[in-house]
1. Quick one: among Ala133, Ala327, Ala297, which has the greatest mean-square fluctuation in a GNM of the chain with alpha-carbon springs under 10 angstrom?
2. Projecting each Cα onto the charge dipole of the stretch 97-240 (Lys/Arg +1, Asp/Glu -1 at the beta carbon, about the Cα centre), which of Val160, Ile216, Val131 comes out farthest on the positive side?
3. Carbon-plus-sulfur fraction of the accessible area of the chain, 1.4 Å probe, in percent?
4. By per-residue mean of other Cβ atoms within 10 Å, what is the highest-first order of 329-336, 352-359?
5. Determine the dipole magnitude for the stretch 1-136: charges of +1 sit on the beta-carbon of Lys and Arg, -1 on that of Asp and Glu, nothing else is charged, the reference point is the Cα centre, and the result goes in debye to the nearest 20.
6. Projected onto the charge dipole of the chain (+1 at Lys/Arg Cβ, -1 at Asp/Glu Cβ, origin at the Cα centre), which of Ile317, Val364, Tyr191 gives the Cα projection farthest towards the positive end?
7. Enter the accessible area per residue of the chain (Å², integer; probe 1.4 Å; all protein chains in place).
8. Extension gain Asp86-Glu123, at 0.36 nm per residue separation less the Cα-Cα distance, in nm?
Amino acid sequence: MLLPKKTTISLIKCDVGSLAGHHVVPKPLFKIAEKNMENAAAQGIINNYFVFNAGDDLELLMLHEKGEQNPIVHKLAWNTFKEAADKALDLKLYGAGQDLLKSAFSGNVCGMGPGVAEMEIEERGADPIVVFAADKTSAGSFNYPLFRMFADPMNTAGLVIDPHMLCGFKFDVVDTIENKVITLKCPEETYELLALIGTVGRYAVSRIRRADDDLICASSSVSKLSLIAGKYVGKDDPVMITRAQHGLPAVGEILAPFMQTYFVMGWMRGSHWGPLMPVGLKDSRCTAFDGPPRIVALGLQVSNGRIASDDEGKPMIADLFDDPAFALAREEAVKEGNTLRRMGEFEPARLGPEEMEYTTIQTVLKKLDKRFTTLKGQE
Ligand code: F6R
Ligand code: MG
Ligand code: MG
């Protein structure tokens, strides 16, 4: 039997070092990524690619036919990050090799530091994809928009109006502390889903499928750098891939949750709440208080195993947040960020104690430990 041809979308990212603190990926590192991707495409390892950045994270978007967690594709990403990290070291850039937590590559990059979102699809007649990449935030930060896109009829009109979406969607939720996963079906289990994914520091939506035919429609990275390293080594800065239209949320419904800002964990030293700011690629760089946390959204069409390309063979990419429709969200993010910053080191601007467990504040607290004395009358 002839199996249907499948296309894999791999988005693999890593902070390999950046310019002026944790601000932005500079040109020389982009050049290395571009060169490696170009060579890999020439050798037929991948079909085509797009290299971009989310703040200080280098993002490799690759299309190929090798399936998810493919060792050749993952090795290509790993070697590219290694080479870029060496260059960052040469240039004395900041945080060179920050996310390369393990030294030897062993088959795939999952659990080694880089973040991964992958999706293998059987191409539909036309397959619109939106990929997201965020900086200065963590894995569970996509729970809220994913819920709104695939389970909230107040966001996604298609859940009410499109007969192909009435069946609902199935959410895979990962417990990042206990390394377990559960599948919950919406609308039936909406409340149970919210009970879990509202705890964004622990639970993260990893995949979403359409309920009646299991069509894959979202995939996001769920790795937590602090849990891999056992200490604070920078934030996870997650990535995700969503699939749109024709029985799935429209591109506009996928983008609608970002018309307002919302709060995410991971601003400054991975220790503060911050408002997520949707930006175009030109503003994909973190400044104020190392932020505010930012997210970019790129739209593309998958076409015969590739990102649909123009006459010169250049992949066509839509920089979706580079749009005045998100100006209000950006303004809100600045205003609400200011309110939080006025609070300095007081909660809720700073994360709660459980989330501070993997930050450098622990060393500070340890120093104070032996100076505590028992309260009088409580001996
Ligand atoms: C990096 C990040 C930054 C750093 C901060 C302190 O991912 O979120 O906010 O945590 O700039 O960095 P170090 O400790 O390297 O001086
Ligand atoms: Mg960094
Ligand atoms: Mg980063």
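1. Ala327
2. With unit charges placed on the Cβ atoms, the residue in question is Val131.
3. 55 percent
4. 329-336, 352-359
5. With Lys and Arg at +1 and Asp and Glu at -1, about 280 debye.
6. Towards the positive end, the residue furthest out is Val364.
7. 46 Å²
8. So the chain would gain 9.6 nm between Asp86 and Glu123.
The values are calculated or read from the model by the stated rules, or taken from the named source; none is laboratory data. Because the structure is a prediction, the values reported are computed rather than measured. Cβ coordinates were reconstructed from backbone atoms using ideal geometry, including for glycine residues, and neighbour counts include every protein chain displayed. Remember, those area values only see protein heavy atoms, side chains included, never the ligands or the DNA or RNA. Shrake-Rupley method; radii C 1.70, N 1.55, O 1.52, S 1.80 Å.
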